[in-house]
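*Asks:* Pasting a structure below so you can have a look.
The values are calculated or read from the model by the stated rules, or taken from the named source; none is laboratory data. Just so it is clear, the structure is predicted and the values come from calculations on it, not from any experiment. Don't worry about glycine lacking a Cβ; one is built from the backbone with ideal geometry, like all the others, and counts go over all protein chains shown. Heavy atoms of the whole protein, side chains included, go into the accessibility calculation; ligands, DNA and RNA do not. Shrake-Rupley method; radii C 1.70, N 1.55, O 1.52, S 1.80 Å.
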Amino acid sequence: MPGSLEPLDLTVQIPYHFRCPISLELMRDPVTVSTGQTYDRSSIESWVATGNTTCPVTRAPLTDFTLIPNHTLRRLIQDWCVANRAFGVERIPTPKQPAEPSLVRSLLNQAASASNPTHSRLSALRRLRGLARDSDKNRSVISSHNVREVLVNLVFSSSQSSDLSHESLAILVMFPLTEFDCVGISSEPERIGYLANLLFHSSIEVRVNSAALIENVIAGTRSPDLRLQISNTEIIFQGVIEILKNPLSSPRALKVGIKALFALCLVKQTRHKAVTAGAAETLIDRLADFDKCDAERALATIELLCRIQVGCAAFAAHALTVPLLVKTILKISDRATEYAAGALLALCSASELSQKEAVCAGILTQLLLLVQSDCTDRAKRKAQMLLKLLRDAWPEDSVGNSDDFLCSDVVPF
């Protein structure tokens with residue numbers, strides 16, 4: 001049984017009618033179906049989602065898929081939990097009920113109607129936002145009601161309160177966009193310009209939500225011309241990098257910032273703009289603050305920027321770039337190792353000073369371990385190329401002599 005009953009005294013028996021007939025576990029959110037049988041909500045929803053149209057117990061057809069909360073049974077279960085807490089039983093929390101489709105429709109209509117007062121529309125949007133935050137189920141219900149079209153119109157309408165636009169933006173970034181939605185935004189420079197300006201808003205939440213929408217749009221747009229148009233927008237790189245620079249940035253802000261920067265840097269024609277906006281210094285200074293996935297994105301972005309001359313020069317000018325990249329090898333993940341090795345290969349190919357810094361940072365040991373590890377083939381190839389490139393830079397006492405190197409397990413690239 002999930003966490004609610006651990007550790008549990010062996011003398012405690014869960015009453016039969018408190019168990020879900022599907023999972024046989026204590027029900028946390030009992031609901032009744034059209035046949036009169038009661039199940040735990042998550043279990044019966046999974047049952048229906050897999051294509052079943054009958055009641056699991058009676059095998060009778062489910063004429064209606066409405067799930068009615070069984071409040072009486074839930075209270076009895078909660079009372080039983082409290083009565084047995086001395087045996088390690090924790091009280092199940094009162095579940096939040098999923099959003100009703102009729103309520104979602106009403107709130108969307110209230111928010112979309114220009115004839116309604118601004119405070120009434122804002123109230124509807126804030127309630128929608130709260131519902132969307134509550135659960136995946138709610139977001140699914142809301143998404144099925146054409147919410148993206150309504151919110152996009154509200155975000156970019158110039159004839160309304162900025163508060164309505166910002167609240168709509170906060171909700172819109174909770175939902176995946178279709179390619180049609182992305183093209184509708186990216187094909188209008190005024191819309192991208194508006195989002196770029198929001199990157200400098202006084203509210204950090206508005207800035208982060210704007211960056212999140214920019215990332216969603218550029219990632220969901222296939223057209224190279226439209227992607228270039230987005231990344232070529234004035235101040236867009238500066239705005240995203242300022243989010244990463246902010247010392248008060250939350251984990252969400254850092255995640256959104258690096259996702260947006262990586263998506264923008266995939267457009268190779270405008271990578272120099274990222275460098276001009278200070279991407280090199282910011283990425284190196286922030287690298288230790290990212291979680292695993294975001295550190296991978298950051299390192300991938302570093303490798304992308306090192307593919308252009310100005311990017312290589314900017315990273316090489318930062319005293320911590322090479323030592324950090326060397327230290328990263330085999331420390332975070334296989335992907336991170338591959339990106340770090342790629343960036344080091346670009347830096348050492350462009351600068352003898354970077355070669356010396358890499359050697360001083362202990363790259364020889366890292367590369368030899370990498371070549372003999374279970375890392376990706378691409379990472380190993382990059383390591384082999386680095387070893388070949390740096391062969392003449394090793395101190396005499398680090399490898400003995402060149403014959404030792406030639407007899408090592410490193411296969412010439």
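*Asks:* Starting from the alpha-carbon convex hull of the chain, give the projected area averaged over all orientations, in nm². Could you put the intermediate results ahead of the total?
*Replies:* Working: hull surface 111.5 nm².
Projected over every direction and averaged, the Cα hull of the chain covers 27.9 nm².
*Asks:* Taking the solvent-accessible surface of protein heavy atoms with a 1.4 Å probe, what is the per residue accessible area of segment 272-368 in Å²?
*Replies:* Normalised by residue count, the accessible surface of segment 272-368 is 42 Å².
*Asks:* At 4 °C and 1.567 mPa s, what whole-number value in µm²/s does Stokes-Einstein give for the translational diffusion of segment 172-280, with Rh from the Kirkwood sum over Cα pairs?
*Replies:* After rounding, the answer is 96 µm²/s.
*Asks:* Label-point separation (nm) for T58 and Q78, each offset 7 Å from Cα along Cα-to-Cβ?
*Replies:* 2.8 nm
*Asks:* Given a cut-off of 19 Å, what percent of all Cα-Cα pairs of segment 269-357 lie beyond it?
*Replies:* Roughly 29 percent, once rounded to a whole number.
*Asks:* Another question about this same structure. For N197 and F18 in the same chain, what is the full-extension length gain: residue separation times 0.36 nm, less their Cα-Cα distance, in nm?
*Replies:* My answer for the length gained is 58.9 nm.
*Asks:* Give the long-range amide H neighbours of A60: residues separated by 5 or more places, or on another chain, with amide H under 5 Å away, using H modelled in the peptide plane at 1.01 Å from N.
*Replies:* Under 5 Å from the amide H of A60: C55.
*Asks:* Now for a different question. Return the distance in nm (one decimal) between the two label points of a simple spin-label model at S373 and H272, each offset 7 Å from Cα along Cα→Cβ.
*Replies:* For S373 paired with H272, the spin-label model returns 3.5 nm.
*Asks:* Summing -39500 (n - 2.57) over the DSSP H runs of n ≥ 4 in the chain and dividing by its residue number, what mean residue ellipticity at 222 nm do you reach, to the nearest 500 deg cm²/dmol?
*Replies:* Mean residue ellipticity, 222 nm, calculated: -18000 deg cm²/dmol.
*Asks:* Further, regarding this structure: Alpha carbon centre of segment 250-295 versus segment 129-200: separation in Å?
*Replies:* Each part's Cα centre sits 23 Å from the other's.
*Asks:* In the structure displayed, which of K137/K273; K292/K356; K292/K380; K259/K327 lie more than 32 Å apart, Cα to Cα?
*Replies:* K137/K273
*Asks:* Sticking with this one: If a paramagnetic tag sat 7 Å from the Cα of D291 along the Cα-Cβ line, which residues of segment 224-268 would have the backbone N under 18 Å from that point?
*Replies:* Inside the label zone: 244, 249-262.
*Asks:* Output the direction-averaged projected area (hull surface divided by four) of the convex hull of the alpha-carbon atoms of segment 156-214, in nm².
*Replies:* 3.8 nm²
*Asks:* Using a Förster distance of 30 angstrom, determine the FRET efficiency expected from the C-beta separation of A49 and I308, and round it to 0.05.
*Replies:* Values: r = 48 Å, r/R0 = 1.58.
Efficiency for this residue pair is about 0.05.
*Asks:* Measure off, as a whole percent, the carbon and sulfur share of the 1.4 Å-probe accessible area of segment 8-119, all protein chains present.
*Replies:* Details: 3620 of 6620 Å².
Answer for segment 8-119: carbon and sulfur cover 55 percent of the accessible area.
*Asks:* A further question follows. Roughly how many Å² is the accessible area per residue of segment 127-181, as a whole number, for a 1.4 Å probe?
*Replies:* On a per-residue basis, 46 Å².
*Asks:* Could you tell me which residue out of S349, Q366, P323 lies farthest along the dipole of segment 253-396 toward its positive end? Charges go on the beta carbon: Lys and Arg +1, Asp and Glu -1, centred on the Cα centre.
*Replies:* The residue sitting farthest along the positive end of the dipole is S349.
*Asks:* Given a 1.4 Å probe and every protein chain left where it sits, what share in percent of the accessible area of segment 148-233 is carbon and sulfur?
*Replies:* 50 percent
*Asks:* Using Cα pairs under 8 angstrom and six or more residues apart, how large is the relative contact order of the chain, in percent?
*Replies:* 7 percent
*Asks:* Still on this structure: Whole-Hz Karplus ³J(HN,Hα) for segment 120-128, in order, using 6.51 cos²θ - 1.76 cosθ + 1.60 and θ = phi - 60°, x for Gly and Pro?
*Replies:* 5, 5, 4, 4, 5, 5, 5, 5, 4
*Asks:* Another one. ³J(HN,Hα) across segment 155-168 via Karplus (A = 6.51, B = -1.76, C = 1.60, θ = phi - 60°), whole Hz, x for Gly/Pro?
*Replies:* So the J values, rounded to whole Hz, are 5, 9, 6, 8, 9, 9, 4, 5, 4, 5, 4, 5, 5, 5.
*Asks:* Run the accessible area of segment 244-309 with a 1.4 Å probe and give the carbon-and-sulfur part as a rounded percent.
*Replies:* C and S fraction of accessible area: 54 percent.
*Asks:* What ratio of Cα Rg to 2.2 N^0.38 Å holds for segment 1-150?
*Replies:* 1.28
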